[in-house]
Amino acid sequence: MGGQPLYLEPRLGPRLRSLLTAADVLHGLTGALGSPLNVVVPDQIAENLGEFRAVYAAHHLAGQVFLAHKANRSHALLRRLAGTDAGVDVASLGELQHALGAGFTPDRIVATGPKNPEFLWLAARTGVTVGVDSRAELDQLAALVRPHALPPATVLLRLSGFEASGVRVLSRPSRFGTPVRELAALLDAVEGHAGAVELAGVAYHLDTTSVAEKATALEGCLAALEECRRRGLRPRAVDIGGGYGVDYLADGGQWDRYTSELTAAALGTRPPLAWGGHGYGLRNDSGTLRGALGLYPGHRPVAGARYLGELLARPAATAGGRSLATLLLEHLYDLYTEPGRALLDQCGLTLAKVLEVREPGGEAPLMVRLALTAGDMALEQHGVLMDPVLVPGDGGDAALGGAAPRTTDAAGTTGAASAPPATGDPVAVHLFGSLCLESDMVTRRTVFLPRRPAPGDLLAFANTAGYAMDFHATGAQLQPLARTAAVWQEAGGWRWCLDDQYWPTTPSKGLK
Amino acid sequence: MRYDSITEAIGNTPLVRIDPAVHGLAHIDLYAKLEMMNPFGSVKDRAAWNMAGPHLAAAARDGSQVVELSSGNTAKALAVIAGMHGLGFKSVTNRMRVPEIKDLLLLLGAEIEELPGQSECLDPTATDDPLTLFHRKLSEPGSAYLHTDQYFNQRNVEAHRTGTGPEIVKDLGGRAPDWFVACVGTAGSSTGVAQALRGHDPQVRVVGLVAEKSDFIPGIRSIDEAHEVGLFDPGTYDTVEAVAADDAIEGMLTLNRRCGILAGPTSGAAYFGAVRRLREADAALTERQSAVFIVCDRVESYLSYVRRRRPDLFGAPQRSAGPADLSEAEIRKAPAVGVADAQAWLATGRPLVVDLRSPYAFAALHIDGSVNIVDEVFGELLRGGLPFSRSRPVLLACPVGEKSARYAALLGRMGHPDVRSLAGGIIAWRDAGAPLVRD
């Protein structure tokens, strides 16, 4: 592979860092529950909520932070959040049932996404707020209310197709939301359904990392709400969805270096960085780089609550330079946000046991087979490139921080009898899953580990709780699906229970 | 100097020597090629005119629209040229991060389309990035576009090979400089000038400058981005070096303040990169050498860019009697009145109610009978003295009672006997069920 190893170290908060150094705990867990294994850290989600709440407080804004449920189906995370003042955004009948069962009262739930009649009925029956995607869905909801003797349904109108003044911002086509130019007809319908639906406000959800596009949409929502008020409706809230992002990597320099090398590899001026010369979307067109890098921006210093803060502090283009937060406040609107990934930042990791280390010979990277499938740990599907952390099977310390000085690993391992001794030098590996499909690669990228892995070691993929943990997992091949354990810190150590056994009362501190 | 058309004023820009006392090089004469003196303000005037010129008559006949992927100076020049010939101009870009340029383009009649930001939820099966879609649209049969294609069009390079480069040689008395330093954007000027200079003297050393990868300098690409440019050939440059945004601004300040050259940050990067590279060479020299760098455009368009990175350069002097000067204790002591008491007071004491929110929010809902003076305007008013009589009691209202407390304290300090802040603000008023009107 020539040249320096290219590390992409994960950014680790204190909880995950501490957990990863507790190798005995992690081996104990996989010993009991098998590999792959998801580990969630419920206390972290409460801390993340606090960061979002702090942004609200800094701008004196009232409103609600709703976890986007689909990002992780863990019972423990949801129940821990039910013990705070947060809400949950559900996108299916099952998620709504789960949220109600976890202790969320209807005033703390919004129902979004495509909905079937059962989902709409239960939402209206229990009185959760419904994010209405289209005129047809509004009619469908209203039609349920009287025949089924339901209370009036509270609705947020999801809008799309916002126009910036002066400059046209091209937007990625979306199937969701009602174009804002059709607002008048939609409001006519709301008025026509008076008594059956009650308007809580308007919403948007944009799939973009661009603050500017979101600011345009938020200003568009303020204009739409003014139109609601002009008609005598009484809107209270703007729901600005999610998409605040996560900063996955510890070191921006590593990310810059990696992506530069990826460019060089695509142009053929250095050896490939991935299996089969995969270029993650980049290609060489007679010496000129073409295509687009299909990767999540792994190093994002402005992510999560900070991103929300930046959006809210942005001056509105149409209101004399006052910030969007000030406008929301002055107009007396509540702010709803629906972070998924960002609220689950640092809330979990996925463990996989090393089954086999194969030497293809020559300079080629080692082939490492893991006891998991690519669907169990789907960072790659989301374009997130991040090194796993090696948790040795001999009870030694986890090899944290690929490029950091390594002093504890020189002795090699004694735990895995069939494997050659692990050495202290960095090694390049390709990580394979347990399916016999060429496509089942845990990551296409050549991964550098700070030392050679051996059967019996664990690889820990950090920060997988947001979408990467069980979003893509499927039982189609009758391979065991990852189980989930919840862990928490108590009396200086780590305690655990099965995910479905966790309640906010589970830790003994909760019972005191 | 008399011209029949402004486009005749493109080119023949001055070559100005930088005072050695400023750059400190002992053996190298450093010259700035002032491309900012082109009529539309930048080095891009040459390329825009050379690329679009030959096609304008046909485009006018077909009713075509001029289209370019440009975030700034090329768009500016093309917008003017298109307008002069009765054509529309559209710029498509994802790099337009300088608001003044955006506004200027709108002023010039350009249509701007910004490409969307990256998807938060990546779909690795997606094959169409917005740029690909844009190119597909351009090549649709029957489409009427004049796409100047600056990143791939050899006429961009040619403008500098036949214009900028020979002008430098002429002004140096028929000799090519020993060094040529240029920032890499489209690579058009650096490539064209390098070709012309090397035609005179193959020994010319060419330094290409790119932006640090994590930094943004307008008009300059990072080394990875440079590879996306069809005109970029690493073989053109003896070295390609990176400049940080902070250094570009420092270089710009030197040009602005010490050389009288009102150049923008791209030129600052060229100056900084040139001096950094030449200082090394200078130490080993015994005979005289010369070096030229390109001053691409003017500083005026980049004030907000500079302000974001160097607010210290815009530090306004402290003014007296501002709400920011109050201590927390003073603000806490400001008289406040709760919603119920305020309602009673309104009925009996006839206080003047001043709502400090923005006019949009005020128009939407407010306390009946109140007047709207936006906080910033109110602050300005107070600098001139009390804006209302001492005999009239005043109730100040803002969203949550924070700003109003501040101004109540300030008015108290200024001698008003009865100013109170609405505790909890309009939000508390609403939450208590007190009436709000829109009229």
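The values are calculated or read from the model by the stated rules, or taken from the named source; none is laboratory data. It should be emphasised that the depicted structure is a prediction, and the values quoted were computed from it without experimental measurement. Cβ: placed from backbone, ideal geometry, glycine included. Neighbour counts: every protein chain shown.
The figures follow:
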| quantity | calculated |
| --- | --- |
| Candidate set: region A:235-254, residues that are modelled with pLDDT of 95 or more and touching a Cys at 6+ places or on another chain (Cβ under 9 Å); chosen: the one farthest from the other protein chains (Cβ to nearest Cβ) | A:239 |
| Residue among A:281, A:294, A:277 that alone is touching a Phe, Trp or Tyr at 6+ places or on another chain (Cβ under 6 Å) and surrounded by fewer than 21 Cβ atoms within 10 Å (Cβ to Cβ) | A:294 |
| Residues within region B:392-404 that are out of contact with any Gly (no Cβ under 7 Å at 6 or more places or on another chain) and either at positive phi or at pLDDT below 95 (or both), tallied | 3 |
| Extreme residue, nearest to the chain's Cα centre (by Cα), among residues of region A:431-486 that are among the hydroxyl-bearing types (Ser, Thr, Tyr) and more than 17 Å from residue A:73 (Cα to Cα) | A:443 |
| For residue A:451: the one exception among (1) crowded, with 19+ Cβ neighbours inside 10 Å; (2) at pLDDT below 90; (3) in contact with a Gly (Cβ under 7 Å, 6 or more places away or on another chain) | (2) |
| Pairs where the first residue, in region B:225-250, is part of a helix (DSSP H, G or I) and the second is buried (at least 22 other Cβ atoms within 10 Å of the Cβ) and of a type in the set (Phe, Trp, Tyr), C-beta under 8 Å, 6+ apart | B:226/B:232; B:247/B:272; B:248/B:272; B:250/B:272 |
| Residues of region B:107-120 satisfying the condition of being under 24 Å from residue B:132 (Cβ atoms) and assigned to a loop (DSSP other than H, G, I, E, B) | B:110, B:115, B:116, B:117, B:118, B:119, B:120 |
| Subset of region A:2-39 [closer than 13 Å to residue A:347 by Cα and touching a Lys or Arg at 6+ places or on another chain (Cβ under 9 Å)] | A:38 |
| Boolean, residue A:273 is more than 7 Å from chain B (Cβ to nearest Cβ) and in contact with a strand residue (DSSP E or B) (Cβ under 8 Å, 6 or more places away or on another chain) | yes |
| Unmet criterion (only one of (1) touching a strand residue (DSSP E or B) at 6+ places or on another chain (Cβ under 7 Å); (2) within 12 Å of chain B (Cβ to nearest Cβ)) for residue A:232 | (1) |
| Lone qualifier among B:104, B:78, B:56 - being closer than 20 Å to residue B:217 by Cβ and part of a helix (DSSP H, G or I) | B:104 |
| Candidates B:28, B:10, B:18, filtered to the one that is touching a strand residue (DSSP E or B) at 6+ places or on another chain (Cβ under 6 Å), of a type outside the set (Ser, Thr, Tyr) and over 21 Å from residue B:257 (Cα atoms) | B:28 |
| Unique residue being away from chain B (no Cβ under 14 Å), surrounded by fewer than 20 Cβ atoms within 10 Å (Cβ to Cβ) and at pLDDT 90 or above when the list is A:392, A:388, A:365 | A:365 |
| Qualifying position, being in a loop (DSSP other than H, G, I, E, B), under 25 Å from residue A:321 (Cβ atoms) and either in contact with a Phe, Trp or Tyr (Cβ under 6 Å, 6 or more places away or on another chain) or within 14 Å of chain A (Cβ to nearest Cβ) (or both), among B:377, B:400 | B:400 |
| Residues of region B:156-171 classified as closer than 14 Å to residue B:293 by Cα and in contact (Cβ under 8 Å) with a residue 60 or more places away in the chain, total | 5 |
| Every residue from region B:177-220 that is buried (at least 24 other Cβ atoms within 10 Å of the Cβ) and assigned to a loop (DSSP other than H, G, I, E, B) | B:177, B:184, B:185, B:186, B:187, B:217, B:218, B:219, B:220 |
| So residue B:374, is it surrounded by 14 or more Cβ atoms within 10 Å (Cβ to Cβ) and within 20 Å of residue A:332 (Cβ to Cβ) | yes |
| Any hit, region A:279-290, residues being of a type in the set (Gly, Ala, Ser) and in contact (Cβ under 8 Å) with a residue 60 or more places away in the chain | no |
| Residue in region A:194-208 that is under 21 Å from residue A:308 (Cα atoms), away from chain B (no Cβ under 11 Å) and in contact with a helix residue (DSSP H, G or I) (Cβ under 6 Å, 6 or more places away or on another chain) present | yes |
